[in-house]
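Here is the structure we will look at.
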Amino acid sequence: MLMDRHGRTVSYLRLSVTDRCNLRCLYCRPAESVSYIPHEQILTYEEMTEIVAVAQSLGVHKVRLTGGEPFARRDFIPFVAQLHERFPGLDLRITTNATLLGGRMPELKAAGIRTLNISLDTLDATTFAAITGVDVHAKVLAAVDEALAAGIRVKINAVALRGFNDTELPAFMDFARRYGIDVRFIEFMPIGYACRWSEANFWPAEEIVAALQRLGPLLPETNADPHSGPARMYRIAGSDGRVGVISAVSHHFCASCNRLRVTCDGRLRTCLFSDKDYDVLGVLRRPDYQREMLKELVAQANEEKPLGFELLAARRRKAVCQRVMSAIGG
Ligand code: SAM
């Protein structure tokens, strides 16, 4: 097990498989077109498998595959199937915009996928196009229906954006109730060199919770599982649906952070808010590579893991870190 100098242990790896995405979400990447990381600098699936093996040997039991849009990478589903086969005890999850999933649920199920975290910031098609730059709202809704019909669990993540989706709490609550699923509102984080975060579009979690509570009886959920993540969830009375918030900016959860991130170009980041990274790709491609080398790098990185809220409080520029979210993985 890896313990850092603040007494935190690592059990969760977020692994980004690509920086390419078919959406241009305004909170995630710059408005102008971004240049993608060249192919030869992207981790191969074999290299990613080695990273997962090393992570697991160091105490990681949950891996989330992210991007960019993970399903935009070729052969992503076979890769997931292969990970399930190779690491049967691993809690393997995926975060997706769900726009490329039409008709693919049988394939996903066969690959062992039981849950999808789907990013959906709005239930309105016009607002969706305004946020993401692409008019594919119907595809996401269809994917939610298809996934549920196939018996795949769905969790919705919506970035809370004042001026965009702050009128949609009743609709989202109804959505959660009707489908019996989780909808989590994530505070907009000031990340990336061209980030469009501002006090004006930041919608704090406390305001969201207060507004949700005015909409109907909500029962706070106590979380028995310490590794289940930082969301504060509320059950909608009389339904299986739940709504909740992830207050990454206003109420940090650094003290219980159990995460490591590896970007698709093999940079290990121990804190979402820090640009300090570690060259996993370089180690993996050393001609004399041995697993111990990567273990040592991960242990050293973890030892230096900072407290993100201190970086957030000390930031001088708008963004707390320069790398854009689509190239980190969220
Ligand atoms: N393309 C996939 C998707 O849409 O879920 C995976 C990658 S995306 C970077 C992962 C998550 O990060 C999404 O839920 C997205 O909404 C969230 N995200 C991106 N930028 C964010 C920001 N500035 N603040 C909060 N969440 C953000």
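Here are a few things to note about the model shown:
- Accessible area in the full protein assembly, largest first, 1.4 Å probe, for H137, H251: H251, H137
- For segment 12-328, the solvent-accessible area works out to 43 Å² per residue, with a probe of 1.4 Å and every protein chain left in place.
- Integer Hz, Karplus 6.51/-1.76/1.60 couplings in order for segment 91-97, x for Gly and Pro: 7, 9, 10, 9, 10, 8, 8
- All lysines inside 25 Å of K276 as judged from Cα atoms, apart from same-chain residues fewer than 8 positions distant: K62, K295, K305, K318
- Taking amide H positions as modeled 1.01 Å from N, with prolines and chain starts lacking one, the residues under 5 Å from V63 and 5 or more places away or on another chain are L13, D91, L92, R93.
- Between D288 and A138, the simple spin-label model (points 7 angstrom out along Cα→Cβ) gives 6.0 nm.
- The stretch between Q56 and T115, if pulled fully straight at 0.36 nm per residue, gains 19.2 nm over its current Cα-Cα span.
- Rounded to 5, percent antiparallel among DSSP beta bridges of segment 111-202: 10 percent
- Around A205: net Lys/Arg minus Asp/Glu count, Cβ-Cβ under 9 Å: -2
- Fluctuation leader among G163, G229, G192 - the chain, Gaussian network, Cα springs under 10 angstrom: G163
- In order through segment 293-306: 3J(HN,Hα) via Karplus (6.51 cos²θ - 1.76 cosθ + 1.60), integer Hz, x for Gly, Pro: 5, 6, 4, 5, 4, 5, 5, 5, 4, 5, 4, 8, 4, x
- Shape analysis of the chain yields a ratio of the Cα radius of gyration to the Kirkwood radius, Rg/Rh, of 0.94.
- Whole-Hz couplings from phi, Karplus 6.51/-1.76/1.60, listed for segment 157-166; x for Gly and Pro: 10, 10, 6, 7, 10, 5, x, 10, 10, 6
- Partnerless Cys - the chain, beta-carbon criterion under 4.7 Å: C21, C195, C254, C257, C264, C271, C321
- Value at 222 nm in deg cm²/dmol, rounded to 500, when DSSP H runs of n ≥ 4 in the chain each add -39,500 (n - 2.57): -8500 deg cm²/dmol
- Each of E207 and L219 was given a label point 7 Å from its Cα along the Cα-to-Cβ line. The distance between the two points is 3.0 nm.
- Rounded percent of accessible protein surface that carbon and sulfur make up, the chain, 1.4 Å probe: 52 percent
- Net length available on complete extension from E32 to D166 is 45.7 nm, with 0.36 nm assigned per residue and the Cα-Cα distance removed.
- Rel. contact order, % - alpha carbon contacts under 8 angstrom, at least six apart, the chain: 23 percent
- Translational diffusion coefficient (Stokes-Einstein; Kirkwood radius from C-alpha pairs) of segment 1-83 at 25 °C, 0.890 mPa s, in µm²/s: 169 µm²/s
- Secondary structure note: in the chain, about 30% of the DSSP beta bridges are antiparallel.
The values are calculated or read from the model by the stated rules, or taken from the named source; none is laboratory data. This is a predicted model, so every value here is computed, not measured. As a convention, Cβ positions derive from the backbone with ideal geometry for all residues, glycine included, and neighbour counts pool all protein chains shown. Note: areas computed on protein heavy atoms with side chains; ligands, DNA, RNA excluded. Shrake-Rupley method; radii C 1.70, N 1.55, O 1.52, S 1.80 Å.
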